[in-house]
1. Quick one: in the range 83-111, of everything that is among the hydrophobic types (A, V, I, L, M, F, W, C) and more than 21 Å from Ala162 (Cβ to Cβ), which residue is farthest from the chain's Cα centre (by Cα)?
2. I'd like to know if the range 226-241 contains one or more residues that are over 17 Å from the mean Cα position of the chain (by Cα) and among the hydrophobic types (A, V, I, L, M, F, W, C).
3. Return yes or no: is Asp148 out of contact with any Phe, Trp or Tyr (no Cβ under 6 Å at 6 or more places or on another chain), within 30 Å of Ala11 (Cβ to Cβ), in contact (Cβ under 8 Å) with a residue 60 or more places away in the chain and of a type in the set (D, E, K, R)?
4. Could you pull out the residue among Leu67, Leu87, Leu104, Leu97 that is in contact (Cβ under 8 Å) with a residue 12 or more places away in the chain, within 30 Å of Asp148 (Cβ to Cβ) and surrounded by fewer than 20 Cβ atoms within 10 Å (Cβ to Cβ)?
5. Criterion first (among the aliphatic types (A, V, I, L, M), at pLDDT 95 or above and either surrounded by 24 or more Cβ atoms within 10 Å (Cβ to Cβ) or not in a helix (DSSP H, G or I) (or both)) does Ala142 satisfy it?
6. Starting from residues that are more than 24 Å from Gly85 (Cβ to Cβ) and touching an Asp or Glu at 6+ places or on another chain (Cβ under 9 Å), keep the ones in the range 7-27 and report whichever is modelled with the highest pLDDT.
7. Hey, Glu114 hits all of (1) of a type outside the set (A, V, I, L, M, F, W, C); (2) over 23 Å from Ala203 (Cβ atoms); (3) touching a residue at least 12 places away in the same chain (Cβ under 8 Å) but one; which does it fall short on?
8. For the range 46-64, name all the residues that are surrounded by fewer than 24 Cβ atoms within 10 Å (Cβ to Cβ) and of a type outside the set (A, V, I, L, M, F, W, C).
Amino acid sequence: MIGVAAHGAPARARRELRAAAAAVCFLTRLPLGRALTVDGDDLARAGSAFPLVGTAVGASIGAVALLLVHPLGAWLAAVLALAAGTLLTGALHLDGLADSADALSARSRERALELMRDHAIGSYGGAALVLDLLLKAGALTALAAKGDVLRVAVVAGALSRAAPVLLAAALPYARTDAGLGTSLTQGGRGRAAVAVVLAAGIAVAVAGAGDGAVSAAAAAAVTALVGLGCRRRFRGVTGDTLGATVELSEIAVLLTAVGMLGAR
């Protein structure tokens, strides 16, 4: 029995390391995949590491804004921070937001799913992208001017990356054929719970109990609303709607932080 346990522990550790690597490969464009090949099973286990990767992405965005705010001003610092974040993530979630927005113009579920597969961006998708980037740039500008951009960007990154993990565990995959979000829906509720607890813990540790709890509540509210919409409109989630959830929950956390700063 001891030999089996000793043999099993390294195997489990390797699986978790591969899952963490899958989270990095999926959420960023860092060239980790050149050194390690991950598969769908790794991605299915990766959800619990999403908040950690989101923390790193948020820290990168916040650090760029913080470093550039004095020489360039808050607005340019915010725009360049967003550009850095877009390069780091490969605009993955922005693409999901645009496709999900275009699907809103469809009159049937089947047409909506078809539109999300279309690489062309329609008027709904274009408007969603513009509004998304403007809202985030405005929020980061206000936070950079107050010197609070790094802390909030970290919290937003962690909470927003836990959102799709939670949604993927709560709803089935909407398509009959496999897609980018299929593996995430197979991750299980246990890993989703770990992601939520980890993201909330990061938020409280970085922002304090009060602000962290409010930020987590904002992200949870948006995630719940998106989930209800996906259940009603698509009967489940797709990779695009999961990406849209990241963007919308991130905006919610940023705007909530700006509102809390303005109220003080």
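1. Looking only at the range 83-111, we keep the residues that are among the hydrophobic types (A, V, I, L, M, F, W, C), and these are 83-84, 87-88, 91-92, 94, 97-98, 101, 103-104, 106.
If we keep only those that are more than 21 Å from Ala162 (Cβ to Cβ) as well, we get 83-84, 87, 98, 101, 103-104, 106.
Working: Ala83: 16, Ala84: 16, Leu87: 15, Ala98: 15, Ala101: 17, Ala103: 20, Leu104: 21, Ala106: 25 Å.
Across the range 83-111, the extreme among qualifying residues is Ala106.
2. Residues of the range 226-241 over 17 Å from the mean Cα position of the chain (by Cα): 228-229, 231-236.
Going one step further and asking which of them are among the hydrophobic types (A, V, I, L, M, F, W, C), we end up with 228, 234.
Checking the range 226-241: at least one residue is over 17 Å from the mean Cα position of the chain (by Cα) and among the hydrophobic types (A, V, I, L, M, F, W, C).
3. Details: out of contact with any Phe, Trp or Tyr (no Cβ under 6 Å at 6 or more places or on another chain): yes; within 30 Å of Ala11 (Cβ to Cβ): no; in contact (Cβ under 8 Å) with a residue 60 or more places away in the chain: yes; of a type in the set (D, E, K, R): yes.
No: the conditions fail for Asp148.
4. Details: Leu67 fails: in contact (Cβ under 8 Å) with a residue 12 or more places away in the chain; Leu104 fails: within 30 Å of Asp148 (Cβ to Cβ); Leu97 fails: surrounded by fewer than 20 Cβ atoms within 10 Å (Cβ to Cβ).
One residue alone meets the criteria, Leu87.
5. Values: among the aliphatic types (A, V, I, L, M): yes; at pLDDT 95 or above: yes; either surrounded by 24 or more Cβ atoms within 10 Å (Cβ to Cβ) or not in a helix (DSSP H, G or I) (or both): no.
It is false that Ala142 is among the aliphatic types (A, V, I, L, M), at pLDDT 95 or above and either surrounded by 24 or more Cβ atoms within 10 Å (Cβ to Cβ) or not in a helix (DSSP H, G or I) (or both).
6. Within the range 7-27, the subset more than 24 Å from Gly85 (Cβ to Cβ) is 7-18.
From what's left, touching an Asp or Glu at 6+ places or on another chain (Cβ under 9 Å): 15, 18.
Details: Arg15: 80, Arg18: 84.
Result: Arg18.
7. Of the numbered conditions (1) of a type outside the set (A, V, I, L, M, F, W, C); (2) over 23 Å from Ala203 (Cβ atoms); (3) touching a residue at least 12 places away in the same chain (Cβ under 8 Å), the odd one out for Glu114 is (3).
8. Listed by number, the residues that qualify are Thr55, Ser60.
The values are calculated or read from the model by the stated rules, or taken from the named source; none is laboratory data. Because the structure is a prediction, the values reported are computed rather than measured. With ideal geometry, Cβ positions are generated from the backbone for all residues, glycine too; neighbour counts draw on all protein chains shown.
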